[in-house]
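The values are calculated or read from the model by the stated rules, or taken from the named source; none is laboratory data. Predicted, not measured: the structure shown is a model, and the values here were computed from it. Methodologically, a virtual Cβ is constructed for each residue, glycine included, from the backbone with ideal geometry; neighbour enumeration extends over all protein chains shown. For accessibility, only protein heavy atoms count, side chains too; no ligands or nucleic acids. Shrake-Rupley method; radii C 1.70, N 1.55, O 1.52, S 1.80 Å.
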Amino acid sequence: MTMSLNEVDAMVRKAARGAGLDWGLAEEAGRAARWLCAQGQDGVGAAAKALAGPKTDRCTVSSGARLADCAADLRNGPARFKDVLTPQLFLPFAALAAKMLQVTIEVDCDGHRAMTDGQSLTLSDDFPDHASIVTVRVIDVPVGIECPMSRAMPDPEDWAQLEALAKLTYAPATDESRLNGAGAGLSDND
Amino acid sequence: MIARRSPDVVMTLARLGSLHQSRLSFMRQLTRRMAREAWTFRTHTFDIDDQGVGHAVYTAQGPERVYSLVAFAHDLPPEMRSDRVIATAWDATFTLFDGVPSAEDIDRLSQNIPVQEAGRVSERELTVSRANRSVRLWEHFVDALAAGQQPDPDQLEAVGYLMRTTAVYGSGKLGAADREVIENRPEMQAPFQAEMLTVYLIRWFVRDLVEHMARAKGGANAVRLDPGMARRLGIGNSTGLGMAPFIVNHPVLFNNWIMAREEAIARVRSIDQAAEDDVTCFTDLLGRAEISVAAWRTEHPVQIAKLNDLKADIGILKSHLMSVNWNAHLPWDDLLNWSEGHLSSEGQEWLASLVLEPYGDIVDGLCSCMADSYSQANIINGAMPLKDVRELIEQSFGWALAVDWADPAQTALAWYVSEEKLEPRLGNRFEEPIASYEQPLAPARDAAEAYRKAGKFPGDATTAAFLEKHPECRHTVRRAQMARFAPYAEIRSNTIASDVLPIDMLRAKLSFFGVTHFDPRSDRWVRVCMYAGAPYPLDLSSHNFDHWIYPEAIQ
């Protein structure tokens, strides 16, 4: 089954919130997964793996956000991150930095490389699920133009995992909420 | 050039809850475009039985592309009729198909569209929608037409529509095409054009369906609906709390709507001399708009009071207009300045929309600025000095910094999503177990909190350093930075106060769709009317595409 990118964004945002991330980071997670899917990558799978990991400041979404927030520093030299789970999810944040700086950025995970100019992405087939050292730097290489994808085809198990996390953001119904929460209550049979 | 009004004036909920349709409204943008481009319309299929069950397909052909409304008609037991999102069946269900559907497409859609949220659609579908009958008006119309009579105009006026939509989903919902798939098509560039086209075609289908049911009941005795009466029929829309968060969750988009209207008002205010034709156009449409106000029905005490204010305002305005010197400089600016001292918010906004009417040449170009195409708006600038973020918060939320957020009345409510069909709801924070499920829909409270925390940082700190320590302020900082280019992005009222009226948020959005006759059913639920007075697709022409929203006097 294919999903719209809006569905991916919304599901990952809710799942990230359900996993315990603050709202602003959950928004980043949703957009990051969406961007990866638009590049033809498995953004849903990357998000599912990342959200299964620790929700501390070592979480890939938090580190990625820090990378984007400190984008200007990349002009002075590379940034390094240790022990990154699911570095694929780092790439959309590198893309944000590339957009802001209007440059190409390389993300090196223990020797496996990806490049993005913010719009397009190229990465090696063996891009790893875990990296001891991730080095992010500005490079002077143009990235080829890719045709963006408009649909995602997530693995059903990954999607189910995100749904389970998203469910944690929904309040269980009570009689009061059922009756008054949406504010209807009048008959619609008129 | 006269300046745009300040966001402090425009962005309070009381003001947003008084907005009216204008030339910039999305329904009117659509009919203008379709008439100018000479779109053609066709009934492709009408396969509905005597019980009113079956499907129909209507096509709308533009210069480059064709769109089809696929409608499914159902026989709904009364006990299942509910406008809420928790409903599972409807009188009719719809999708807007990108192109003309094949038999296989119809077969696929017939298994998915009638169940709405329980089904899935594809990238070929642009919207998914459903509607319920107004039971009393529907039965009256079928009975009258079946007996060879025209329906009673008073009953038509009391309700205004035969069916009301209870949701029109787009932008990738339920698997439909994302906005990005269609946003570069000229006819879909403005916001909500696919949704507005869906409803426009639904109105045509509903007219055909009621005539079909009258024929099924009355046989040879049945008559067709008088075209003049058909034209007065709109499509209702029943909108609940679920729509309210939209204007908070899309700050740049909402800014663009408000800013376009404020820019239009400022441009008209800046006109030095009013031409005689323009004054005539204005006074003519004022009279017609008054007919629409007279036909506006509501039982909700808040709206009754506002409607009475508006009717009184129109009287005051008409007597003022008798003494206006139209040859003076800046006549529209004078008139709007006068209105600020003499009319209620309802009256001021009604007038502000009306003065735009003669000036399509300087107003309509703003329609192309109403979409949100700035993809970098969400990127936080971590290098921005934190003191600048604090200044931006002061700009948008200066009023909120003075609120006592420890007062329970200021945080009495919390927005949350229920497990049941994911319905957005509003509950009492201190009486229901919902606070831990709260959605980020209280930007003012959160801004005050972030402002306080940022105040404890050194003056030369960066946004990045602040967010590393306070990730919980990230969504607030993102919004604050948007204020640099989106001055009308933030509502300047408390969205979780004990006395908040969510219907004000609903009305702000619906007014830009171009709806009329706001009829709140509670403080968080509203019924409205769409397309009443509009020419039907086969009658749409260069003579009737623009001012149809203003009823002509019945001879």
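Axis angle, to the nearest 10 degrees, between helix B:443-454 and the longest C-alpha principal axis of chain B: 20 degrees. Under the criterion of Cα pairs below 8 Å and six or more residues apart, the relative contact order for chain A equals 26 percent. Panel values: the stretch A:115-171, Kirkwood radius from alpha carbon pairs, Stokes-Einstein at 20 °C and 1.002 mPa s, translational diffusion coefficient 141 µm²/s. For the stretch B:270-331, the spread of Cα positions along the three principal axes, ordered from largest to smallest, is 42, 21, 16 Å.
Taking amide H atoms as placed 1.01 Å from N in the peptide plane, the amide H of A:Thr104 lies under 5 Å from those of A:Ile139, A:Val141, each 5 or more residues away in sequence or on another chain.
Using only the C-alpha atoms, the convex hull of the protein assembly as shown corresponds to 164 Å³ per residue.
Note on B:Leu321 and B:Glu340: the extension gain reaches 5.4 nm, defined as 0.36 nm multiplied by sequence separation minus the Cα-Cα distance. Mean separation of Cα pairs under 8 Å and 6 or more residues apart, divided by the residue count, gives chain B a relative contact order of 22 percent.
Once the Cα atoms are used to define both axes, helix A:5-18 deviates from the longest principal axis of chain A by about 80 degrees.
Quarter the surface of the alpha carbon convex hull of the stretch B:69-111 and you get the mean projected area, 3.6 square nanometres. In the calculated pair distance distribution of chain B, what percentage of Cα-Cα distances lie above 35 Å? For chain B, the share of Cα pairs beyond 35 Å comes to 39 percent.
Evaluating 6.51 cos²θ - 1.76 cosθ + 1.60 at θ = phi - 60° for every residue in the stretch B:535-546, the Karplus couplings come out as x, 6, x, 6, 9, 5, 8, 5, 8, 10, 7, 9 Hz, glycine and proline recorded as x. In order along the stretch B:425-440, phi translates into HN-Hα couplings of 9, 10, x, 8, 3, 9, 10, 10, x, 10, 4, 6, 9, 4, 7, x Hz, rounded to whole numbers, per the Karplus curve 6.51 cos²θ - 1.76 cosθ + 1.60 with θ = phi - 60° and x for Gly and Pro. Summarised in one figure, the compactness ratio Rg/Rh of the stretch B:375-482, Cα atoms and Kirkwood Rh, is 1.02.
Entry for the stretch B:40-240 at q = 0.09, 0.11, 0.18, 0.19 Å⁻¹: log10 I(q)/I(0) = -0.33, -0.49, -1.27, -1.38, Debye formula applied to identical alpha-carbon scatterers, no solvent contribution. Near B:Ser493, the amide H atoms lying under 5 Å from its own belong to B:Leu13; only residues 5 or more places off or on other chains count, and H is placed 1.01 Å from N. Considering only alpha-carbon pairs that sit under 8 angstrom and 6 or more positions apart, the relative contact order computed for the stretch B:375-498 is 42 percent. Only protein heavy atoms count here; under a 1.4 Å probe, B:Ser102 has an accessible surface of about 50 Å². Mind checking the log10 I(q)/I(0) for chain A at q = 0.18 Å⁻¹? Debye, one equal scatterer per Cα, no solvent, two decimals. Values returned for q = 0.18 Å⁻¹ are -1.15.
The average projected area of the stretch A:89-190, computed from the convex hull of its Cα atoms over all directions, is 12.1 nm². Projecting label points 7 angstrom from Cα along Cα→Cβ for B:Ile2 and B:Ala118 puts them 5.5 nm apart. Helix B:276-294 axis versus longest C-alpha principal axis of chain B: approximately 80°, rounded to the nearest ten. Sequentially through the stretch A:116-129, phi angles give Karplus couplings (6.51, -1.76, 1.60; θ = phi - 60°) of 8, 9, x, 8, 10, 9, 10, 8, 6, 4, 9, 4, x, 8 Hz, Gly and Pro residues having no value and appearing as x. Estimated from helical segments only, the mean residue ellipticity of the protein assembly as shown at 222 nm is -12500 deg cm²/dmol, where each DSSP H run of four or more residues counts as -39500 (n - 2.57).
A simple charge model with +1 on the Cβ of Lys and Arg, -1 on the Cβ of Asp and Glu and nothing else charged puts the dipole of the protein assembly as shown at about 660 debye relative to its Cα centre. Here, the stretch B:397-450 yields an orientationally averaged convex hull projection of 4.0 nm² when only Cα atoms define the hull. Along the axis of the charge dipole computed for the stretch A:8-164 (Cβ charges of +1 for Lys and Arg, -1 for Asp and Glu, origin at the Cα centre), the listed residues A:Ala16, A:Cys147, A:Leu91 are led at the positive end by A:Ala16. Multiplying the residue separation of B:Ala435 and B:Trp399 by 0.36 nm and removing their Cα-Cα distance gives an extension gain of 10.5 nm. Residues whose amide H lies under 5 Å from that of A:Ile133, counting only those 5 or more places away or on a different chain, are A:Asp83, A:Asp110; hydrogens are built 1.01 Å from N in the peptide plane.
Computed packing ranks the peptides B:504-512, A:17-25 as B:504-512, A:17-25, most packed first, by mean other Cβ atoms within 10 Å.
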